[in-house]
Amino acid sequence: MKGKIKYFGTDGIRQKADAFTPGFIQAITLGIVRYLGNARETADGMERPVKVLLGGDTRESTEWILRYFEEALETVGIDHGSVGVLPTPAINYAFYQMGYDLAIDVTASHNPASDNGVKIFERGDSIGGLEAVMPGGIGFKGTGTTTSGKDLSSFVKKYPYGVKLSQAGVQAIENALENETGFDVGSVEYAEDLHQQARDIYLDHLKDYLSSFGPSTLSQREKPDFSELKIGLDCANGATSVTAREIFEHFGAQVEVIHSDPSYGETINQSCGSTHLDSLIQLVKGHQLDFGAAFDGDGDRCLMVDKNGTVIDGDDMIACIAGYLGLPKVAITIMANKGLLNWSKDTGIELVMTDVGDQNVSAKMREEGILLGGEQSGHIILPGESMGDGVLTALVISKIYSETLRRRQHEDQLILDYEAMQDAKKQEQGKESTTQKAPQEVSLSSICSSLQKLPQAIKNQTVSPSLKQAFRNHMPLAEEFINQKTAELNSLGWSLNIRASGTEELVRITIWGDDPDKINQKALAIAADLQALESSL
């Protein structure tokens, strides 16, 4: 019988940083040992210790939480190495390639610096009985369709990286956290510093992936070339600070970077990154850049802005990528803007809906052979990938943009050359010249222009843990509240989503409708009703 899940949310464990005491970390470690054991059999029949790779984001608390893990792992006899500060997708990719059995990523993603968390990844091909496959793969045999329209999504490939911890592993750790008080640890030395090795492995993966990316209808992929692009990057003073600039410059882009402090501290996500886009908008407009990309603290999501400061969210990017690849089917969460639903009807691309959370999107993609999925927040799971990767998403959009720009420039030049030839003929005949048309402008908004979005209002209401659990567990009190508010909006033709946050003590209220001011007022009113509901408990 499964026990109650108390500590794990939609994205691992997340709480106030000071709650990660040595005893709490030791209990997690005991849960890992009970799930994995502490030894593995090698190909020649010998035993070796289980190996765990550690890393995390730039929070001050990450440094000492990693130290607690090192002490605990060494005490129970588990071999371990550390990569220090690296994005979550880099840790997930590198631990598999480096031969580790498990990765522990200390991060609270987009949460403030006062929070922290633990994400755990395991090898999808060997632990927990999971046969992990994902449509596509970096060879891209399965990207899109053939020229005859044959769906290639049945081409699958074992993950060359990890997957999020299975429910069996989650339950083992939950049980340990409920029943263990910790143990005595001795003094240990820091684990081997594997930062550069893991970083290089990850950057090489990004280079290979982007070079292979493109519609299956193309006989040859275009080489990524960003030499004509001026791009702004906001690294949120987080983990992408150690990777983003280098990879964009590798492909030739002129890059302006802000909020890129890779040291442990308290500035991660502080008025920057994908949750605070104002400074990136100012950078892009002030420096007349082509566009900008903002990442969250651990780098698994990305939002973008075009040259005019228009925000490009996950829905926009999904539409752009799906159209570029010519995909038959896309997985999205129930939080998608209705504009994406209308877009799918126009393009003939089927949308498959999932519950909120990138793990739900990933599971649906595996189940139905879907190549692309994601969330409005900027978690985009690309073909062959096991999770969202903000930097890779921004690279893919940049490649689509650069190819569109070159194609448009070529088409415009052909038109201009043709009109110049016609003018020359008319001049010979003594006729007036034709006025040439101005070349059509290319922007991120223009390549996502097929998606007409509805106005949207979001209100995050702080609630008590008990009320959050009521919404998270769909208790009658919460369901009655949701049904009542939904009925009120149906008569207006508006849509409503109310759900518990998977990472914070919040209930998120999202409304889509035809009047921005009115839906914002309604979101505030529902938030006030939530407060009244709380006071009645």
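A few comments on the model shown:
- DSSP bridge orientation in the range 225-398 - percent antiparallel, rounded to nearest 5: 35 percent
- Spacing of the modelled spin labels on GLU367 and GLU403, each 7 Å from Cα toward Cβ, amounts to 3.1 nm.
- Listing HIS287, HIS205, HIS110 from fewest to most neighbouring C-beta atoms within 10 Å gives HIS287, HIS205, HIS110.
- 19 Å tail of the calculated P(r), the range 176-250, as % of Cα pairs: 62 percent
- In this calculation the C-beta distance from THR42 to ASN175 is compared with R0 = 30 Å, giving a FRET efficiency of 0.55.
- Zero-based 10 Å bins, Cα pair distances in the range 456-536, whole percents: 19, 55, 24, 2
- At most 15 other Cβ within 10 Å, DSSP loop - GluC sites (Glu not before Pro), the range 220-306: GLU222, GLU228, GLU266
- Kirkwood Rh in Å, taken over the range 271-358 so that all alpha-carbon pairs contribute: 14.2 Å
- Two-site label geometry, GLN270 and SER535: point separation in nm, points 7 Å out along Cα→Cβ: 3.4 nm
- The value given for the range 1-97 is a Kirkwood hydrodynamic radius of 14.9 Å, derived from the mean inverse Cα-Cα separation.
- For the pair GLU350 and GLN288, label points projected 7 Å from Cα toward Cβ lie 4.8 nm apart.
- Diffusion coefficient, µm² s⁻¹, Stokes-Einstein with Kirkwood Rh over alpha-carbon pairs of the range 1-44 at 37 °C and 0.692 mPa s: 255 µm²/s
- Around ASP193: net Lys/Arg minus Asp/Glu count, Cβ-Cβ under 14 Å: -3
- Restraint check, LYS6/LYS119; LYS230/LYS285; LYS338/LYS468, Cα-Cα greater than 20 Å: LYS338/LYS468
- Equivalent ellipsoid dimensions for the range 225-398 as semi-axes, Å, which come from the Cα gyration tensor, largest first: 27, 17, 14
- Viscosity 1.002 mPa s, 20 °C: Kirkwood-radius Stokes-Einstein D of the range 262-307 over Cα pairs, µm²/s: 194 µm²/s
- Taking the DSSP beta bridges with both ends in the range 456-536, the antiparallel portion is around 100 percent.
Each reported figure results from applying straightforward, stated rules to the coordinates on display, with no laboratory input. The shown structure was predicted, so the numbers you read here are calculated from the model rather than taken from an experiment. With ideal geometry, Cβ positions are generated from the backbone for all residues, glycine too; neighbour counts draw on all protein chains shown.
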